[in-house]
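Asker: Have a look at this one.
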Amino acid sequence: MKVRKAVIPAAGLGTRMLPATKTVPKEMLPLVDKPAIQYIIEEAVAAGIEDILIVTNRAKSAMDDYFDYYPELERRLESAGKEKELEEVKKAADLANIFYVRQKETKGLGHAISRARRFVGDEPFAVLLGDDVMRSEKPVIGQLIEAAEKYEASAVGVQEVATEVIGKYCSVQVSPLEERVFLASDMVEKPRPDQIFSNYAILGRYVLSPGVFDILEDLEPGYGGEIQLTDGLRKLCKREKMVAVDFQGRRYDTGNLKGFLEATIDFALDHPETGDWLRGFLKDKARGL
């Protein structure tokens, strides 16, 4: 079992980040000096992914343009001797083999994933949600790939969340296999208190078998009237083996304003050009409060 392909669903309307996302894809909003989706693609590449499919919609052509060459800009930077900027511009275009498909109707995450069937074929594949940016020493999706390959199973990335917020996520029924790896036997999307299996919630990373496509094709709309990926995974884990990986790393939900600002500040604090300045700026601000 070798995972070579990844799918990034990025067709959402970005309603939690309006008005900025009215004309700019939320995935293209910058975290310091790179768009959020570039961090996600870099994570996939660092884990050995070779081919990436981005599921978009008609309003997100900016992503296609960004991960392409820009000869006029590149010539201008080269003639101006701006070698560092030239290297960064070219790097974005050379990260991976990137393909695109449109989700022509907004019918949920499960429907978006189903659009990748022809791209994936009969191979296992990774899924990295376009809102979820991860910071970790070892790529989070790489942690899932290792477990999926070891157990020859699908894998979902989980972390424990507080009881009072598990209703916002997907609760997973787990039993231990080894340190930080569990067998996943059931799950429920946005559970009511009486439906909670555990405080382990799926957070934006998956490795799935191609068997999920047959399930998604026949799946009825679920929560919110949409084709929910969780509903498909619930069926999948009863047909095939699935593990849950309590991944090591920090997850940022950049699809909402608070999560986006958290990520921006943390990334800026670690950036060589902004870190020292921002620490001083924040200290000065704190003194004035």
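Asker: For the stretch 165-179, in order, what is each residue's ³J(HN,Hα) by Karplus, 6.51 cos²θ - 1.76 cosθ + 1.60 with θ = phi - 60°, in whole Hz (x at glycine and Pro)?
Answerer: Coupling constants for the stretch 165-179: 10, 4, x, 8, 10, 10, 8, 10, 7, 10, 9, x, 10, 7, 4 Hz.
Asker: Extending each Cα 7 Å along its Cβ direction at residue 285 and residue 273, get the distance between those two points in nm, one decimal.
Answerer: 2.0 nm
Asker: Further, regarding this structure: Sorting check: for 263-271, 63-71, 121-129, which peptide has the highest mean count of neighbouring beta carbons within 10 Å, and how do the rest follow? Kindly include the intermediate steps, with their values, before the conclusion.
Answerer: Numbers: 263-271: 16.7, 63-71: 14.0, 121-129: 20.3.
Those peptides, ordered most packed to least, come out 121-129, 263-271, 63-71.
Asker: Per DSSP helix of 4 or more residues, -39500 (n - 2.57); summed, then divided by the residues of the chain. What does that give at 222 nm, rounded to the nearest 500?
Answerer: Details: 11 runs with 103 residues, N = 289.
After summing the helix terms and dividing by residue count, I get -10000 deg cm²/dmol.
Asker: Explain nothing, just the number: dipole magnitude of the chain about its Cα centre with +1 on each Lys and Arg Cβ and -1 on each Asp and Glu Cβ, in debye rounded to the nearest 20. Walk me through the numbers before you get to the answer.
Answerer: Working: 41 positive and 48 negative charges, 137 e Å.
Taking the Cα centre of the chain as origin, the dipole is about 660 debye.
Asker: Residue 23 to residue 118: extension gain in nm, 0.36 nm per residue of separation minus the Cα-Cα distance? Write down the numbers at each step before the final one.
Answerer: Values: separation 95, 0.36 × 95 = 34.20 nm, distance 2.93 nm.
Here the segment from residue 23 to residue 118 would lengthen by 31.3 nm.
Asker: What ³J(HN,Hα) values, in whole Hz, does the Karplus curve 6.51 cos²θ - 1.76 cosθ + 1.60 give for the stretch 21-26 when θ = phi - 60°, with x put for Gly and Pro?
Answerer: 8, 4, 10, 10, x, 4
Asker: Collect residues whose amide H, placed 1.01 Å from N in the peptide plane, falls under 5 Å from the amide H of residue 171; neighbours closer than 5 in sequence don't count.
Answerer: The answer is 188, 190.
Asker: Compute the length gained on full extension between residue 94 and residue 80: take 0.36 nm times their separation in residues and subtract their Cα-Cα distance, giving the result in nm to one decimal.
Answerer: Details: separation 14, 0.36 × 14 = 5.04 nm, distance 2.20 nm.
Full extension from residue 94 to residue 80 adds 2.8 nm.
Asker: How would you rank 45-53, 227-235, highest first, on the average number of other Cβ atoms within 10 Å across their residues? Please list the in-between numbers first.
Answerer: On the way: 45-53: 17.8, 227-235: 23.0.
Most protected by this proxy first, the peptides run 227-235, 45-53.
Asker: Tell me, how many Å apart are the Cα centres for the stretch 38-70 and for the stretch 181-214?
Answerer: Centre-to-centre (Cα) distance: 26 Å.
Asker: Right, next: How large is ³J(HN,Hα), in whole Hz, for each residue of the stretch 118-133 in order, when computed from phi with the Karplus curve 6.51 cos²θ - 1.76 cosθ + 1.60 and θ = phi - 60°, using x for Gly and Pro?
Answerer: In residue order, the calculated couplings are 5, 5, 6, x, 9, 9, x, 8, 8, 10, 10, 5, x, 8, 9, 9 Hz.
Asker: Now for a different question. Farthest toward the dipole's positive end in the stretch 18-74, which of 35, 57, 73, given Cβ charges of +1 (Lys, Arg) and -1 (Asp, Glu) about the Cα centre?
Answerer: In the stretch 18-74, that residue is 57.
Asker: Kirkwood Rh over Cα pairs of the stretch 91-189 into Stokes-Einstein at 10 °C, 1.306 mPa s: D in µm²/s? Let's see the in-between values first.
Answerer: Working: Rh = 16.2 Å.
It comes out at roughly 98 µm²/s.
Asker: For helix 140-151, report the angle its Cα long axis makes with the longest principal axis of the Cα atoms of the chain; keep it between 0 and 90° and round to the nearest 10°.
Answerer: Roughly 30 degrees between the two axes.
Every number in this text was worked out from the coordinates using simple rules, so none of it is lab data. As the structure is a prediction and not an experimental result, all values here were calculated from the model. As a convention, Cβ positions derive from the backbone with ideal geometry for all residues, glycine included, and neighbour counts pool all protein chains shown.
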